[in-house]
Each structure stands twice: as structure tokens, then as C-alpha cells.
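Undergrad: The following block contains the structure, expressed as C-alpha cells.
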Amino acid sequence: MIRRFSGAEHSHRSQRGVPWWAVADARDLGPWLRASWRGMLAFVVLCSAVPEPPAALDRHAALRYVLSRRTPEGGYCFYRTPQWGVEEPNAPDTLAALQSLRLLGVEPPEPERTERFLRSLQDEDGDYSTLTIGWAALRGLDTLGAKPRRSPVVWLWRWVGVLLRRAATRDWSGAVTDLGHAGELLCLVGAELDSSRRAAFTRMLEEARDPRGGWARPAADLETTAVALHLLTQLGQELGAGVRAGVGALLARSEDPTLGLRLGTHARTVSAGALWGGLAIYRALGLRLPYPEAAATSLALLQRPDGGFGKRHRAISTLHDTWVGLDAARLLDALREDRS
């Protein structure tokens, strides 16, 4: 017969190395068994509810998403809601949609209508309301093989002057992004920086660099670093040993065997921009990507049920992040080819 012990005896016998179940009354086991089976059942249900990581990107779904964001004016808007009368095309979303279609190998529908929309964003003097709108409109037109109504060169040089005069206390990540946009537009319109402006661009990039490596201070991230490296290449600057070592240190801090690349040094998540930036850096520096399969899984998890990509896992889809995600997929394919 199994002898029943009190709580004190339980503790005493357990301390002597005798398992409690060896001396417990059968009536004591009922609640434990019921609780254990409930816990085991809940665990099995929970595990079965966790979706399997997608094997690959669904490019057909991505195409449907992009085309669904097209407005009657020919522009695109990620928050388009026609049933509520929300049709607000804008230049950044239109550029993102055109670039996404290019990466998917699909011609944009009714390109003439999209050209008219993008041309309408320029005023009679050739100006645009902001640098971002001008950058997106001009790049969108270039993607379509079209030209703006008027030359934007005077407007662009004015913006270059504004960027180079800004105080050093500004948002350095935003500064690098703006300089990158200006550099792309200078190449687009065939304008060249003179030696003094080129030196000013280089000095500002040096000021923005994080002393621990990468861009921008006070805390470097992969996306901004990729933009800065691209701009340095456009400026014809050699990437010195110090820059390469610093960027390599940033990559080492960001690599993760589960995520592929982390959003930040201590983060346990990833973003579309971080994946794109890290992959662009590996490609630009000719480095070997250590965890390509983990990066591919993270990228696939950023694709939402509507086919678009979110900035992070389970974030809403946007056209910008869809463009970034598809370009990251292109870079990943290229790095895999290099690896083989």
C-alpha cells in the first residue's frame, strides 16, 4: 500500500532524494494529472496554431497589391480606400509602385496617365514643394522614360545649398537621406558638383558617421549606412580602411543566426529597411552573407496577407516597404549567386 505523507514529510523525503511521486497517494495524483493534461493539450494547440514560415515570396500577390493601390489619376497611394472615397496619389508612393513593378518584371498600366500625374507636381517655375516630392517625381518620370515639364536644375541647386548650410545639430540620419536624394537627382539631370561642393558633401558625411562604425550618429543603422556608402561611391570617394572596418563592425553587431540581420545591435527584431541595407552593404563591399536562409525567412515573414510588405513583422503593408522588400529579395538572390 502506498503510504500518504504530510507536506512536512514530503519536503523531508524530497530533500533525501526520494521522488515525491514514489510515496504519494493515488488520490493526490488526480489534480496533478488533470492539470498536466490540460497544460499539455494547450501546448499542442498553441504549437499547431503557429504558422509555418513561408517558403518563398509570393510575387503574384505582391503584384496584385501594387496594382490595387493605383488611383484613377494614374498615381498610387498605399492607404487608398475607394469605398470611402480616399484617392490621394502622391509622388513617393507612385515611385515605390513603379519600382516594385519594375522588380516584378511588369509594365505599369496606362503609363501616360501616371506621367501626367507626376508632371503635375511641378510648378510653373520648375520647382517642387519639397525635396522628397521632387526626388520621387523626377525618379518616377525617369523610370517611365519621361521628362518633367520644365528643367529642375535651378531648384535642385537651391536645395543643395540648403542641405550644406544646415546646422550640425540636426537629425543625422535624415541628413544622409536628403544628401542621398540630392546626389541621385544630380546624376539624373547630368549636373556635377564642383570641387568645393563635393568637399562639403564629403565633410557632412564624415560628420554624420558614427565613431563606432557606419552611419549615422549617434546610433548607426544598416539602412542609413547603405545610403551613405552609395553616396560616397557617387562622389568618387574611395572607401578607406577605417570606413570599411567600421562598417564591418556594424555588420558583425547586426548579424543574427535566426533573423539573418537585426534591426539594431541589441534588437530581437528585423525590418524591411534593415534587411535591404545590410544586403546592399554586403553586395557593395563584396562580403559573404553569413545567414542567407535566415534572412530569406525574415524577408518572407514581412509579406502580409494582402501581398504587400510591412516595415516589420505584422505591420501594415505600404508601397515603400514593398519596394524595399522586393529590392532586398533581388540583392539576396545576387548574394546567393556570388556565394555559389
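Undergrad: Stretched out fully, how many nm does the piece from Glu238 to Glu207 gain, at 0.36 nm a residue minus the Cα gap?
TA: 9.5 nm
Undergrad: How large is Rg/Rh for segment 91-208, to two decimals, with Cα atoms and a Kirkwood Rh?
TA: Numbers: Rg = 15.2 Å, Rh = 15.2 Å.
My calculation puts Rg/Rh at 1.00.
Undergrad: Further question: Against the globular-protein guess of 2.2 N^0.38 Å, express the Cα radius of gyration of segment 222-340 as a ratio, rounded to two decimals.
TA: In units of the 2.2 N^0.38 Å rule of thumb, it is 1.03.
Undergrad: With label points built 7 Å along Cα→Cβ from the Cα atoms of Thr265 and Glu337, find their separation and express it in nm.
TA: So the label points at Thr265 and Glu337 sit 3.6 nm apart.
Undergrad: Further, regarding this structure: Among 106-112, 269-275, how do they line up from the highest to the lowest mean number of other beta-carbon atoms within 10 Å?
TA: Per-residue mean Cβ counts within 10 Å order the peptides as 269-275, 106-112.
Undergrad: Starting from the Cα-Cα distance between Val153 and Leu63, subtract it from 0.36 nm times their residue separation and give me the gain in nm to one decimal.
TA: 29.0 nm
Undergrad: Expected output is a single nm value to one decimal: the length gained when fully extending between Asp171 and Ser196, i.e. 0.36 nm times separation in residues minus the C-alpha distance. What is it?
TA: Gain on extension, Asp171 to Ser196, equals 6.7 nm.
Undergrad: A follow-up question, please. Take Val86 and Glu107, extend 7 Å from each Cα along the Cα→Cβ direction, and tell me the distance between the two endpoints in nm.
TA: That separation, rounded to one decimal, is 3.3 nm.
Undergrad: Which of the peptides 295-304, 123-132 is most tightly packed, and how do the rest follow, going by the mean number of other Cβ atoms within 10 Å of each residue?
TA: Ranked by mean Cβ neighbours within 10 Å, highest first: 295-304, 123-132.
Undergrad: Related question: With each label point set 7 Å from Cα along the Cα-Cβ vector, what nm distance links Glu293 and Arg119?
TA: Once both label points are built, they end up 5.2 nm from each other.
Where a number appears in this text, it was derived from the coordinates with a stated rule and is not lab data. In this text, all values refer to a predicted model and were calculated from it rather than measured experimentally. Glycine also receives a Cβ, built like all others from the backbone with ideal geometry; neighbour counts cover every protein chain displayed.
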